[in-house]
Amino acid sequence: MQLTLRIDGIETDDTDKVEELELLCVSKKRYGSVELCFRGGGWNIPFAKIKLYDSNRAIDADATFESAKFLGEEICRRWNLQNEKIAEAINCVRIPVDHELESMDNNPLLKSFLKTSIQ
C-alpha cells in the first residue's frame with residue numbers, strides 16, 4: 001500500500017510517498033515539546049506530538065521530556081531502519097543474475113527481512 005502525503009498549505013509531488021520519507025524527531029527542551037516530522041522536499045513537516053503528561057504544567061513537561069525524547073528517537077530509528085531494509089530487499093531483487101530466481105523464496109536477503117518484520 002502506498003500513502004501519498006497530502007497536507008493543506010504544503011505542496012508535495014505525487015512521487016513523495018510516505019513510506020519513502022525520512023522520519024525525524026525534533027525536540028525542544030525550552031518548550032518541553034517533542035515532535036515527529038517527515039523530511040521531504042527541503043521541509044520538515046510535523047505530524048505528531050509526543051506528550052507523556054496529562055496536565056499543562058511546565059514541571060510535568062520537564063519531568064517527562066527525556067522519556068518523550070527517547071521514545072521519539074526510537075520511533076524514528078525503527079521507521080528509518082525499516083525503510084533501509086525495504087530498499088535493500090528491492091535492490092537485491094533488481095540485481096541482474098546469471099540464472100533466474102524460481103521464486104522470491106530463494107532470495108536470502110528478503111527471507112531475513114521477512115523474519116525480522118514478522119517478529
*Has the stretch 16-35 got any residue that is modelled with pLDDT under 90, part of a loop (DSSP other than H, G, I, E, B), among the acidic types (Asp, Glu) and more than 29 Å from ALA87 (Cα to Cα)?*
no
_Pull out all pairs, ordered by first then second residue, where Cβ-Cβ is under 9 Å, the residues are six or more apart or on different chains, the first lies in the stretch 60-74 and is touching a residue at least 12 places away in the same chain (Cβ under 8 Å) and assigned to a helix (DSSP H, G or I), and the second is small (Gly, Ala, Ser) and surrounded by fewer than 16 Cβ atoms within 10 Å (Cβ to Cβ)._
ALA61/SER55; GLY72/ALA48
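The values are calculated or read from the model by the stated rules, or taken from the named source; none is laboratory data. This is a predicted model, so every value here is computed, not measured. Using ideal geometry, Cβ is built from the backbone for each residue, glycine included, and neighbour counts are taken over all protein chains shown.
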